[in-house]
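S.K.: Pasting a structure here, questions to come.
Each value in this text was obtained by applying a stated rule to the coordinates, not by laboratory testing. The shown structure was predicted, so the numbers you read here are calculated from the model rather than taken from an experiment. Every residue, glycine as well, gets a Cβ built from its backbone with ideal geometry; the counts of neighbours run over all protein chains shown.
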Amino acid sequence: MKTIIETPNFNAKDSLTDFVKLHVEKLETLSDQIVESRVFLKLDKFDNKENKVCEIKVSLPGNDLFASKHADSFEEAVAQCVDALKHQLKRWKHA
């Protein structure tokens, strides 16, 4: 599976990109049909703490799965997105 990480308007540290890759690649254990995952990390312009946004699009043959989460940190948002995608992948496999 190919993982593409996009961080518009800021440069992500290596530790953050490694964290993202580690968690997103865990989705491969649920399906070997995943072609690629695109991860978008961005900052919202809200004044509240939950201004970190993670959006993940997983490409499968004939389907795309998508999750978007806001959190206090990018790591938390990534973990929440991956959990949401795990549920979607389980439903997709049984459909």
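S.K.: To the nearest 10 degrees, how steep is helix 74-94 against the longest Cα principal axis of the chain, on a 0 to 90 scale?
M.R.: Roughly 20 degrees between the two axes.
S.K.: Lysine pairs, Cα distance under 19 Å, 8 or more residues apart or cross-chain: how many in region 5-84?
M.R.: Taking the Cα cut-off of 19 Å, the pair count is 16.
S.K.: Next question. Compute the Kirkwood hydrodynamic radius of the chain, taking the inverse of the mean of 1/r over all pairs of distinct Cα atoms, and give it in Å to one decimal.
M.R.: Averaging 1/r across every pair of different Cα atoms and inverting gives 13.5 Å.
S.K.: With label points built 7 Å along Cα→Cβ from the Cα atoms of Ala12 and Ser31, find their separation and express it in nm.
M.R.: Simple spin-label model gives 2.1 nm for this pair.
S.K.: Region 30-75: Rg/Rh from Cα coordinates, Kirkwood Rh?
M.R.: On the Cα set of region 30-75, Rg over Rh gives 1.11.
S.K.: Would any residue of region 53-87 have its amide N under 13 Å from a label point 7 Å out along Cα→Cβ of His94? List them or say none.
M.R.: The answer is 87.
S.K.: Moving to a separate point now. Nearest 500 deg cm²/dmol is fine: what mean residue ellipticity at 222 nm does the chain get from its DSSP H runs of n ≥ 4 alone, each adding -39,500 (n - 2.57), divided by its residue count?
M.R.: -11500 deg cm²/dmol
S.K.: Within the chain, what percent of beta bridges assigned by DSSP are antiparallel, to the nearest 5?
M.R.: Counting DSSP beta bridges with both partners in the chain, the antiparallel share is about 75 percent.
S.K.: Between Ser59 and Phe40, what is the label-point separation in nm under the 7 Å Cα-to-beta-carbon projection?
M.R.: The two pseudo-label positions are separated by 1.5 nm.
S.K.: So how tilted is helix 14-25 from the main axis of the chain? Cα-based, degrees 0 to 90, rounded to 10.
M.R.: Helix 14-25 sits at roughly 20 degrees to that axis.
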